[in-house]
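Student: Pasting a structure below so you can have a look.
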Amino acid sequence: MSRLDREADAFRASMAAAASKLTGSSASAMSSAVKRNLAPPSPSPSVGSTTSAAVGTPSRRDRELPGANIVYSQPAVTGTGDSVISQMAYAVTWLRGKDEPQTYYDVLSYLSATGRSESEQEFFVEQMRRHPQMQWIPDPNLSEQTWRTGTYIHRPIIPNVRNKTQLLAYLQKKTDASGVSVKDLKDGWPDCEPSITELENEHKVLVIRAKKDGAARMVWLDDASLFHEVEPDLVKAWSRVELPALDVIAQKLIQAGQKPASEDPRLKAEKMPKVEKKKKRAARKGGKSTNTHMEHLLKDYSHMKR
């Protein structure tokens, strides 16, 4: 065998080996493909799950998205208001807790409004001077006042009442018998209730309290000299006296020719039988008749009714 024949045989053997390798790999690929095709299909989604997803049930990803639950039709809750009315309310509340006068810059600093324009600050200061619960104190060292001068204090509903002595003096100056609202007192004297209780125990003021929590509602002036201590034995003897029934008391008063105070005129009116009033038919007014051919039809025959 020549050299050329040996090289040809070797080439054929290498080609046969390569063909066998290619056949094995294609067969394995085909078998894996067949296995994938024969595998059971994945379960299809149920009707309920597809329906809920279509209706709009948010997924976990949607729930975790930032801003997914923001309602853009409603204003954001910032905690503070930028309007003049809101800022003025905050300023009044802040001045109510201050015992010393404050400058305009102190008020604007509390409201974080010092960065506004000069025209806006001047307008706000003018509104402060007009506010009924703020009092502007001009600077006594200046002959001409500007919007930056002077100080401001809280003007309470009941001025100059911040202790027991001032409260008694205010009640004594009243010219009528009306009481003083504790709510109005708290506007300038927030912690007035303990002092009111002390004056009540000393019989210097009369207090009306709420039934629910016992908080003071109204205060009147009282006279401690009119209070007299009653002996406990007399209180017990008074409590042992039995009173007759209300019906018996009313009957005794009627027999004596007196009208009982417990008699309600409205109940008496309800007990009386109601008399039905008959409505009278209005008489026909005789006017000038223009339809002479219908006079026999327009004649009044009401007197012949049985």
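The values are calculated or read from the model by the stated rules, or taken from the named source; none is laboratory data. Keep in mind that this is a model prediction, so the values were computed, not measured. Here the Cβ positions follow ideal geometry from the backbone for every residue, glycine too, while neighbour counts run over all protein chains shown. Only protein heavy atoms, including side chains, enter the accessible area calculation; ligands, DNA and RNA are left aside. Shrake-Rupley method; radii C 1.70, N 1.55, O 1.52, S 1.80 Å.
Student: Label residue 112 and residue 137 with points 7 Å out from Cα along Cα→Cβ: what is the distance between them in nm?
Tutor: With each label placed 7 Å out from Cα toward Cβ, I get 2.9 nm.
Student: Which pairs in the list 98/183; 98/204; 186/211 are over 22 Å apart, alpha-carbon to alpha-carbon? Can you show the working numbers first?
Tutor: Details: 98/183 19 Å; 98/204 29 Å; 186/211 20 Å.
Where the Cα-Cα span goes over 22 Å, the pairs concerned are 98/204.
Student: Now a separate question. Pop out the ³J(HN,Hα) list for the range 146-159 in order, Karplus 6.51 cos²θ - 1.76 cosθ + 1.60 with θ = phi - 60°, rounded to Hz; leave Gly and Pro as x.
Tutor: 10, 6, 8, 8, x, 10, 9, 9, 7, 9, x, 5, 10, x
Student: Sticking with this structure for a sec: Evaluate the distance, in nm, between pseudo-label points positioned 7 Å from the Cα of residue 280 and of residue 242 along their respective Cα→Cβ axes.
Tutor: 5.9
Student: Next up: Sum up the charges of everything whose Cβ sits under 15 Å from the Cβ of residue 197, counting Lys and Arg as +1 and Asp and Glu as -1, but leave residue 197 out.
Tutor: On the way: positive: 164, 186, 204, 209, 217; negative: 191, 193, 198, 200, 202, 213, 222.
Its environment carries a net charge of -2.
Student: Over the range 195-251, with every protein chain in place, what whole percent of the accessible area is carbon and sulfur at 1.4 Å, could you tell me? Don't jump to the answer; show the numbers that get you there.
Tutor: Details: 2830 of 4760 Å².
Summing carbon and sulfur atoms, their accessible area is 59 percent of the total for the range 195-251.
Student: What ranking do 94-102, 243-251 get when scored by the average of other Cβ atoms within 10 Å per residue, highest first?
Tutor: Highest-to-lowest ranking by the protection proxy: 94-102, 243-251.
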